[in-house]
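Visitor: The structure follows.
The values are calculated or read from the model by the stated rules, or taken from the named source; none is laboratory data. Worth saying up front: this structure is predicted, and the values here are computed from it rather than measured. Cβ: placed from backbone, ideal geometry, glycine included. Neighbour counts: every protein chain shown. When the accessible area is computed, the model is the full protein with side chains, heavy atoms only, and any ligands, DNA or RNA have been set aside. Shrake-Rupley method; radii C 1.70, N 1.55, O 1.52, S 1.80 Å.
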Amino acid sequence: MTMTTSSLPSRFAWLDKGFWQTTPGPFRVGAIILIAHVLFAIAGAFWTPYGFAEMGAGLPLSGASLQHPMGLDQIGRDVFSRFMYGAHIVLLLSFAGTVLGMVAGTTLGLLSGYIGGWFDEITQRIVEAMISIPFLALALVMIIAAGPALAGEPVLIVFVVALVYAPRIARIARAAAMEIATREYVAVAELRGEGTWSIVFREILLNAANVLLVEFSLRLSYAPILIGALGFLGFGIRPPTPEWGLMISENRNLLIASPVTVFGPGLGLASLVIGFNLFTDGLSRMLGQRSVAGA
Amino acid sequence: MSVARLLFSRILFSALTLLLVSILIFLILEALPGDVATRILGRDATAKALEVLRSQLHLNQPALVRYFQWIGDFLRGDLGVSIATGRPIADVLAPRILNTLLLSLLAFAIYLVLALVPAIIQAVNRGKAVDNVISVITLLLLSLPDFLLATMLLFLFAVAVPILPALATISETSTWQETLRAMVLPAVTLAIMMAVYAIRVLRDSLIEVLRSDYVRLAELKGLRPRAVLFRHALPNAIVPALNVTALNLGFLIGGVVIVERVFSYPGFGTLLIDALQLRDIPLIKATVMISAAVYVAANLVADVLAVLLQPRLRTSR
């Protein structure tokens with residue numbers, strides 16, 4: 001990793017001409033990878049070489065070729081077309097789930113940290129309890145609890161990601177709020193007679209933006225893995241919709257016959273997460289935050 | 001605050017957390033709107049089958065009564081009966097927990113080596129090429145989903161170069177060599193997944209310690225570099241990594257679900273997946289409770305260890 005140390009003064013210097021030059025290396029590489037993924041996903045939503053559920057696009061298991069760069073699966077579906085179509089699904093689910101989790105977690109965490117007292121105490125105990133359930137187990141249990149009617153629906157996946165993330169985000173937001181609540185401008189706002197909501201969302205939220213932005217980026221990095229894991233275990237999006245984790249699990253027994261059907265989607269998923277991670281790493285350096293690894 | 005009081009309050013908080021976990025799990029699985037029996041059997045189930053299941057799960061009683069009955073039995077060591085197999089859950093769980101414990105111990109041993117060695121190499125050669133190369137590798141591995149890493153290792157060492165079994169199916173009749181060989185791939189996968197987090201934390205904290213005054217002093221006293229590193233720097237650098245290790249134990253519990261699934265290892269994780277697929281609610285409740293208990297206990301141990309290792313923390317908080 002290149003250790004480009006930038007001296008970025010202001011928080012939102014996006015409009016500066018030389019902004020791109022001053023960003024840390026990882027941020028640039030990450031941003032380029034992410035832009036490529038987004039463009040690929042947009043293209044894949046509208047056009048793929050073959051239909052994503054089209055059987056008999058070629059000889060099953062015939063391996064990688066120019067027409068079928070990721071080979072064909074057991075029933076002759078073109079893996080690359082499926083991969084391309086799945087790109088926007090992975091991105092949209094990750095984004096929607098993380099945004100929803102951010103909104104819920106931030107609201108809860110900031111209120112809890114600012115108000116304090118018994119409200120904070122109760123919220124923290126519930127947050128603690130939710131974090132104590134391993135996130136994959138929590139996600140799977142919620143999917144089962146939703147019942148057969150909702151199983152495999154994108155809405156359910158979005159809610160599950162949000163619910164797994166919300167308590168973890170709330171903990172970060174709370175810590176930031178508690179620190180910011182001691183600052184003078186908050187005391188001034190209180191003296192002005194501003195209400196709790198106004199202080200939390202106008203004073204504290206804006207000043208916690210850096211911490212929350214890094215947290216958002218960090219959670220976004222992990223969302224494709226979480227969604228992929230659910231798909232891999234057979235509890236994610238309903239087939240034949242080609243979510244990448246599901247594809248890896250479907251093609252896993254073709255590992256001997258045609259490994260490219262597994263490693264194609266695998267490479268896509270890994271490169272997406274690498275892009276997110278580099279981006280987060282650079283972002284946290286630019287904003288003067290330390291990104292905390294860990295689920 | 002004395003160590004004993006601190007210990008006591010931490011244990012109390014852990015117990016409270018677990019109580020809340022039990023309420024959450026119960027609420028999610030049994031108190032959501034809608035009929036539990038229909039959710040288990042599906043909408044095509046006959047009225048008679050639904051009725052049988054309802055009486056089996058005591059669904060005719062109010063939720064509050066059911067909760068206290070469940071948690072009361074649970075605390076007395078009666079985990080209930082699995083719906084799918086009709087066997088007592090304790091009997092179903094015991095061998096699976098033992099298998100996962102074995103796997104985790106092996107993974108943990110490998111993890112210690114995989115975390116310490118690269119971090120020490122990086123810290124000693126900080127800023128040099130080796131440091132950067134290891135940083136890039138850990139970042140790449142950090143981005144690799146666990147199910148993908150497991151599949152890749154399986155492909156490499158069981159398909160491309162078939163030196164290890166692809167399926168880690170073990171039974172009572174397996175010899176210990178067979179068992180060990182079967183456990184290598186899943187254990188290595190888990191160890192790598194845990195180590196990548198720890199390496200980054202340990203490297204940074206080790207570098208910080210190596211810059212500190214007392215390490216300078218030890219060097220100036222003329223101690224051999226090796227002695228400085230292992231006797232003075234490492235013990236102090238390990239404390240931040242302890243928290244990561246506790247986090248990692250939490251990951252390990254989730255990770256075994258995926259890794260055991262990929263290698264078909266008959267452990268706790270595959271049991272949870274089976275229970276979920278069969279919608280065996282009593283078994284799901286028991287497995288999730290136990291995994292949460294392990295997580296809470298691991299964090300408790302890490303907290304206490306951190307306090308014992310670094311007396312400074314005893315006064316703060």
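Visitor: If you line up the long axis of helix B:129-142 against the longest principal axis of chain B, both from Cα atoms, how many degrees apart are they, to the nearest 10?
Guide: Here the helix axis deviates by roughly 10 degrees.
Visitor: Treating chain A as a set of equal point scatterers at the Cα positions, no solvent, please give the Debye-formula log₁₀ I(q)/I(0) at q = 0.15, 0.16 Å⁻¹.
Guide: For chain A at q = 0.15, 0.16 Å⁻¹, log10 I(q)/I(0) is -1.16, -1.24.
Visitor: Give the B-A buried accessible area in Å², both sides summed, 1.4 Å probe, nearest 100.
Guide: Using a 1.4 Å probe on protein heavy atoms, the buried area is about 4400 Å².
Visitor: Another question, then. Leaving out ligands, DNA and RNA, and with a 1.4 Å probe, what % of the accessible surface on the range B:3-75 is carbon or sulfur?
Guide: Carbon and sulfur together cover 70 percent of it.
Visitor: So which residue, out of A:GLN74, A:GLN124, A:GLN21, gets the largest mean-square fluctuation from a GNM of chain A using Cα contacts under 10 Å as springs?
Guide: A:GLN21
Visitor: If you don't mind, there's one more thing I want to ask. How many times 2.2 N^0.38 Å is the alpha carbon radius of gyration of the range A:97-184? If you can, show how the numbers build up before the last one.
Guide: Working: Rg = 14.5 Å, N = 88, 2.2 N^0.38 = 12.1 Å.
The reported ratio for this selection is 1.20.
Visitor: Taking only Cα atoms, what is the 0 to 90° angle, nearest 10, from helix B:176-210's long axis to the longest principal axis of chain B?
Guide: 50 degrees
Visitor: Taking the Cα atoms of the range A:189-241, what is the range of coordinates along each of the three principal axes, in descending order and whole Å?
Guide: Between the extreme Cα coordinates on each principal axis of the range A:189-241 lie 58, 19, 15 Å.
Visitor: Hand me the trypsin sites (Lys or Arg not before Pro) from the range B:32-129 located in a DSSP loop with no more than 16 other Cβ atoms within 10 Å, in residue order please. Don't skip to the end; give the middle numbers.
Guide: Values: sites: B:ARG39, B:ARG43, B:LYS48, B:ARG54, B:ARG66, B:ARG76, B:ARG96, B:ARG126, B:LYS128; in loops: B:ARG43, B:ARG76, B:ARG126, B:LYS128.
Here the sparse-neighbourhood loop sites are B:ARG43, B:ARG76, B:ARG126, B:LYS128.
Visitor: Still on this structure: Kirkwood Rh, Cα Rg: Rg to Rh for the range A:133-242?
Guide: Reported Rg/Rh (Cα atoms, Kirkwood Rh): 1.15.
Visitor: Could I ask something else about it? For the range B:235-280, what % of the accessible area comes from carbon and sulfur atoms, probe 1.4 Å?
Guide: 62 percent
Visitor: Does any residue of the range A:221-236 lose at least 10 Å² of accessible area with all protein chains in place compared with its chain alone, and if so which ones (probe 1.4 Å)?
Guide: A:TYR222, A:ILE225, A:ALA229, A:PHE232, A:LEU233, A:PHE235
Visitor: Same structure, new question: Can you tell me how the protein assembly as shown classifies by the Cα gyration tensor, rounded, prolate or oblate, using a/c under 1.5 as the rounded cut?
Guide: Rounded.
Visitor: Can I ask one more? Calculate the FRET efficiency for B:ILE23 and B:ALA47 from the Cβ-Cβ distance with a Förster distance of 41 Å, rounded to the nearest 0.05.
Guide: Efficiency computed from Cβ-Cβ geometry: 0.85.
Visitor: With no solvent and one point on each alpha carbon, what is the Debye value of log10 I(q)/I(0) for the range B:180-317 at q = 0.14, 0.17, 0.18 Å⁻¹?
Guide: So the normalised log intensities work out to -0.80, -0.98, -1.04.
Visitor: Which of the residues in the range B:133-147 show a loss of at least 10 Å² in accessible area from their chain by itself to the complete set of protein chains, at a probe of 1.4 Å?
Guide: B:SER135, B:VAL136, B:LEU139, B:LEU140, B:LEU142, B:SER143, B:LEU144, B:PRO145, B:ASP146, B:PHE147
Visitor: Who wins for biggest fluctuation among A:PRO69, A:PRO148, A:PRO167 in a Gaussian network model of chain A, springs between alpha carbons below 10 Å?
Guide: Residue with maximal mean-square fluctuation among A:PRO69, A:PRO148, A:PRO167: A:PRO148.
Visitor: How big is the charge dipole of the range A:47-150 about its Cα centre, in debye rounded to the nearest 20, if each Lys and Arg gets +1 on its Cβ and each Asp and Glu gets -1 on its Cβ?
Guide: Dipole about the Cα centre, nearest 20: 140 debye.
Visitor: Send over a whole-number figure in Å² for the accessible area per residue of the range B:1-149, probe 1.4 Å.
Guide: The answer is 54 Å² per residue.
Visitor: Could you order B:ILE121, B:ILE89 so the one with the most accessible surface comes first? Probe is 1.4 Å.
Guide: B:ILE121, B:ILE89
Visitor: Using +1 on the beta carbon of Lys and Arg, -1 on that of Asp and Glu, and nothing else charged, what's the dipole of chain A about the Cα centre, debye to 20?
Guide: Its charge dipole is roughly 320 debye.
Visitor: Let me ask another. Just from the alpha-carbon atoms, what are the Rg and Dmax of the range B:89-315 in angstroms?
Guide: 20.0, 66
Visitor: Give me the tail of P(r) for the range B:87-209 as a percent: Cα-Cα pairs with distance above 26 Å.
Guide: Distances greater than 26 Å cover 34 percent of the Cα pairs.
Visitor: Have a look at the range B:237-256 and report residues whose accessible surface goes down by 30 Å² or more when the remaining protein chains are included, against the chain on its own, probe 1.4 Å, ligands and DNA/RNA excluded.
Guide: Buried by 30 Å² or more upon assembly, which counts only protein chains, are B:LEU247, B:GLY254.
Visitor: Can you compute 3J(HN,Hα) from phi for each residue in the range B:262-270, using the Karplus curve 6.51 cos²θ - 1.76 cosθ + 1.60 with θ = phi - 60°, rounded to whole Hz and x for Gly and Pro?
Guide: Residue by residue, the range B:262-270 yields 4, 9, 6, 7, x, x, 5, x, 5 Hz.
Visitor: In addition: Per residue, how large is the accessible surface of the range A:146-254? Use a 1.4 angstrom probe and give square angstrom. Display every interim value, and only then the final one.
Guide: Working: 4190 Å² over 109 residues.
About 38 Å² of surface per residue is accessible.
Visitor: Additional query: Relative to the longest principal axis of the C-alpha atoms of chain B, give the angle of the C-alpha long axis of helix B:47-56, reported between 0 and 90° and rounded to the nearest 10°.
Guide: 60 degrees
Visitor: Something else: For a quick size check, give me the Cα extents of the range B:130-199 along its three principal axes, largest first, whole Å.
Guide: The principal-axis extents, from largest down, are 46, 25, 21 Å.
Visitor: Filter the DSSP H helices in chain A by two things, a Kyte-Doolittle mean of at least 0.0 and an axial alpha-carbon span of 27 angstrom or more, and list the hits by number.
Guide: Numbers: long enough: A:25-46 (32 Å, 1.86); A:79-115 (52 Å, 1.43); A:154-180 (37 Å, 1.57); A:209-232 (34 Å, 1.43); A:260-286 (38 Å, 1.11).
Helices meeting the criterion: A:25-46, A:79-115, A:154-180, A:209-232, A:260-286.
Visitor: Further question on the same structure: Find the Cα radius of gyration of the range B:3-75, compare it with 2.2 N^0.38 Å by division, and give the number to two decimals.
Guide: Dividing the Cα Rg of the range B:3-75 by 2.2 N^0.38 Å gives 1.52.
Visitor: State to the nearest 20 debye the size of the charge dipole of the range B:89-315 about its Cα centre, where the only charges are +1 on K and R beta carbons and -1 on D and E beta carbons.
Guide: 900 debye
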